[in-house]
Amino acid sequence: MSKSYIAIDWGSTNLRAWLYLNGELADTQYSEAGVTRLGGRTAQQVFLDVVAPWRQHEVPVIMAGMVGSNAGWVSVPYLPCPTRLTDLAGRLTRVEQAAPLAAWIIPGISITSADNNNVMRGEETQLLGAYRAHPAPLFLMPGTHCKWVRIADGVIDDFRTIMTGELHHLLIKQSLIGVGLTEQQPNPAVFQQGLEQGFAESHILRCLFETRAAHVLGKLDKSAVSEWLSGLLIGNEVAQMQRGWNICGGETITIIGNPTLAARYQQALKYAGLNYRLLDGDASFQAGIRSIVNELE
């Protein structure tokens, strides 16, 4: 396989595609047609529309994300943990409906144990790229469903998913907490206060209604409820993972993600006394795809 290829990150809510020619980025495409938002089209139709401007190059396509889920285009089996990251290149699934282009989907990763049933799709590609650049034992991937991943000698041996981002959205948009709020505004001081509360609480369920009561009683500015709740949830997430995984101050946590969301986790890790480094999520994804392309040559 040449170093000319198309990389596609196809998630639930959007699709991003990159065309590489002779190893250099030549063009990009963005679509809101995630696998749950196809707008009446089939996945095959969306795919062909996205790659149409690049068809003349006749390059292979490597895809990752929810496109390989049971809600996506082709259901691609998970690789069970423990999984070596370098095994990904040898376990791709060919998409016959992509013809005349040659296209493959990268498998997700699963774990099943007495106390943990978990899956990931898309993050494994970021992890591959990140680990190639900066081998480390502990990774944190902020997002709607935040991932915490432990890697030993290139093998994923454990990971957890925390639904912090989705829970924040649901509580603000669909629960009593969000009723009667004004437009939400950035408020770093309130985020820090929520963060500290999240660390102090072993169980934060009682804090959720108290968040509602606080803004009703005028103790919490109605424009800063989102910031308070974000701090509360992220603080508690980091505190729980620090305790559950016995993460000590000597370990460095590698964060993979966009700088804006990562900044909130950096603040939480700093408060916890933990070391961290930040890697860009898109750059890690691209490095992971390149690694797989190189393995297939």
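The values are calculated or read from the model by the stated rules, or taken from the named source; none is laboratory data. Note that the structure is a prediction, hence the values are computed from the model and not measured. A quick note on method: Cβ atoms are made from the backbone with ideal geometry, for glycine too, and the neighbour counts reach across all protein chains shown.
What the table shows:
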read-out: Failed item, numbered, when GLY154 is tested on (1) touching a residue at least 24 places away in the same chain (Cβ under 8 Å); (2) at negative phi; value: (2)
read-out: Among residues of the stretch 64-82, those that are of a type in the set (Gly, Ala, Ser), touching a residue at least 24 places away in the same chain (Cβ under 8 Å), closer than 11 Å to VAL95 by Cα and surrounded by fewer than 21 Cβ atoms within 10 Å (Cβ to Cβ), counted; value: 0
read-out: Residue in the stretch 122-129 that is modelled with pLDDT of 95 or more, part of a strand (DSSP E or B) and of a type in the set (D, E, K, R) present; value: no
read-out: Top-ranked residue of the stretch 128-142 - restricted to ones that are surrounded by fewer than 21 Cβ atoms within 10 Å (Cβ to Cβ) and not hydrophobic (A, V, I, L, M, F, W, C), ranked as farthest from PRO82 (Cα to Cα); value: HIS134
read-out: Among residues of the stretch 1-59, those that are among the hydrophobic types (A, V, I, L, M, F, W, C), assigned to a helix (DSSP H, G or I) and more than 20 Å from VAL76 (Cβ to Cβ), counted; value: 2
read-out: Positions within the stretch 173-188 being crowded, with 18+ Cβ neighbours inside 10 Å and among the aliphatic types (A, V, I, L, M), in sequence order; value: ILE177
read-out: So ILE151, is it buried (at least 17 other Cβ atoms within 10 Å of the Cβ) and in contact with a Cys (Cβ under 6 Å, 6 or more places away or on another chain); value: no
read-out: Options THR260, THR254, THR211; residue that is β-branched (Val, Ile, Thr), at pLDDT below 95 and either crowded, with 17+ Cβ neighbours inside 10 Å or in a helix (DSSP H, G or I) (or both); value: THR260
read-out: Leading residue by the ranking (surrounded by the fewest Cβ atoms within 10 Å (Cβ to Cβ)) among those in the stretch 270-295 that are part of a helix (DSSP H, G or I) and charged (D, E, K, R); value: LYS270
read-out: Within the stretch 228-244, tally of residues that are more than 14 Å from GLN197 (Cβ to Cβ) and touching a strand residue (DSSP E or B) at 6+ places or on another chain (Cβ under 7 Å); value: 1
read-out: Pick from the stretch 101-121, criterion among the small types (Gly, Ala, Ser), modelled with pLDDT under 95 and assigned to a loop (DSSP other than H, G, I, E, B), ranking: nearest to ARG150 (Cα to Cα); value: ALA114
read-out: The lone exception for VAL190 - which of (1) more than 28 Å from SER284 (Cβ to Cβ); (2) in a loop (DSSP other than H, G, I, E, B); (3) among the β-branched types (Val, Ile, Thr) it fails; value: (2)
read-out: Which listed residue, of ALA239, ALA224, is under 25 Å from the mean Cα position of the chain (by Cα), crowded, with 20+ Cβ neighbours inside 10 Å and at pLDDT 95 or above; value: ALA239
read-out: Pick from the stretch 2-54, criterion in contact with a strand residue (DSSP E or B) (Cβ under 8 Å, 6 or more places away or on another chain) and of a type in the set (S, T, N, Q), ranking: surrounded by the fewest Cβ atoms within 10 Å (Cβ to Cβ); value: THR28
read-out: Selection status of ALA114, surrounded by fewer than 22 Cβ atoms within 10 Å (Cβ to Cβ), of a type outside the set (Asp, Glu) and under 15 Å from ALA287 (Cβ atoms); value: no
read-out: Single residue of the stretch 63-97 satisfying the filter (farther than 20 Å from VAL149 by Cβ, under 18 Å from the mean Cα position of the chain (by Cα) and aliphatic (A, V, I, L, M)) that is modelled with the lowest pLDDT; value: ALA71
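Okay, residues lined up against (1) under 21 Å from ILE256 (Cα atoms); (2) crowded, with 16+ Cβ neighbours inside 10 Å; (3) touching a strand residue (DSSP E or B) at 6+ places or on another chain (Cβ under 6 Å):
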{"site": "VAL59", "(1), (2), (3)": "no, yes, yes"}
{"site": "ILE62", "(1), (2), (3)": "yes, yes, yes"}
{"site": "LEU85", "(1), (2), (3)": "yes, yes, no"}
{"site": "LEU92", "(1), (2), (3)": "no, yes, yes"}
{"site": "ILE105", "(1), (2), (3)": "no, yes, yes"}
{"site": "GLU123", "(1), (2), (3)": "yes, yes, yes"}
